[in-house]
Amino acid sequence: MQNWNLPKACVFCLDFIYISMQRFLLIACVLLFTLSSVAQNATIREHKSKKDSLPEYPYALPLLGKRATKRGFQLPKPHGLMVNFLVGRQKLTIEDMKVGFNNNGLIDVSDIIQFGESVGTIYTLNARFDTWILPFLNVGAYYGQGQSNSEIKLVKPFELTTSPTSDATYYGFSTLLAGGYKGLFNKGFMASWDLNASWTTNENLDKPVFVAISGIRTGPIFPLKKKNSNIVVWVGGAYTYVAAETKGSIGGAEIFPGAVENIDQKQMELDDWYNGRGDNPPDIATRVFTNMTQIYTDQKDGVEGSSIQYSMTKKALGPVNFVLGLQYQINLDWQIRAEAQMLGGRSSGLLSLNWRFGL
């Protein structure tokens, strides 16, 4: 491993490092974007005793809904629109950093650029539509946007902490298996398993970042005096999968936003760095120096089209986290829900409003 030992004044690609940190922030927040659609899958159904009189189920969906009602299951209305707001923090690490210049292939710069443990904070709002296909099977789709900021730590070639911001759009689908029973301590009881898959996109990513989260939830249903009103409390866990590799491209105008008056100074710093590599500099140093010099020259001369490509491997600090949630069902039409997730380098809080209807 080369001992680069670079002083701050001679960092050949400080601007690129900062932009890379912004991409890191987007990746960290992909996990939290997906979390904002996980908790919504705990729609509750309650099993009535045979002595209870239930009206005939009036809707076409779910399939077998009428049969389930005759057997004593009170089903929710088949369709739902949900609005979710989430605030959360996610820790990630970034490894195997590679960069390329003007689409001429990637160079492994892991010996030059290394990130430490960093944290992204996300604020996001999304909307979701779902339908019960069977009395125990729900499918849904969601779309959302979010804004985030972070504390990003660079440990090599020097120690640096910065707080960039980023916006992103995400979309995905969900599936849910759920059921309930009335009879445990004279209270209802629910259990569910869900799978959420999402794709988060940003103009600087070559392709959307894929995340899948699977979770289980279980807990009691406490009926209230008001008809069709109850409170549900649940605990559970979730497992997160993140596509390991992220690739993207950064245009020269983004690396040097607005002006070129300081490019001569940047070129001097680059020259000092390269000259400090000795009479026989490593090949990677020569490639970086040559390509960065060309990008600086293009920007100074107003030549458009220069770019830096990047590739990185991202890892969550822990794939498993704990879930604790609460739902207040006002009636068969409206539900208010809150959920917290913790552990696995993650902490988040979600608040949602769900309107259910039948067709």
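Some notes on this structure:
- Each Lys and Arg adds +1 at its Cβ and each Asp and Glu adds -1 at its Cβ; summed about the Cα centre, region 263-336 shows a dipole of about 440 debye.
- Ranked by how many other Cβ atoms sit within 10 Å of their own Cβ, fewest first, the residues V99, V233 fall in the order V233, V99.
- Per-pair calculated FRET efficiency, R0 = 22 Å: E203 and E304 via Cβ, rounded to 0.05: 0.85
- D111/Q265 FRET efficiency (R0 30 Å; Cβ-Cβ; nearest 0.05): 0.75
- Label-to-label distance for S249 and W193 is 4.3 nm, based on points extended 7 Å past Cα in the beta-carbon direction.
- Computed label-point distance, nm, for sites Y239 and T131 using a 7 Å Cα→Cβ extension: 3.0 nm
- Which listed pairs, of K207/K266; K91/K247; K91/K207, have C-alpha distances above 25 Å, in listed order: K207/K266
- Applying 1/(1 + (r/R0)^6) with r as the Cβ-Cβ distance of D272 and N103 and R0 = 30 angstrom yields a FRET efficiency of 0.60.
Just so you know, all these numbers are worked out from the coordinates, no wet-lab data involved. Keep in mind that this is a model prediction, so the values were computed, not measured. No Cβ is skipped: glycine too gets one built from the backbone with ideal geometry, and neighbour counts run over all protein chains shown.
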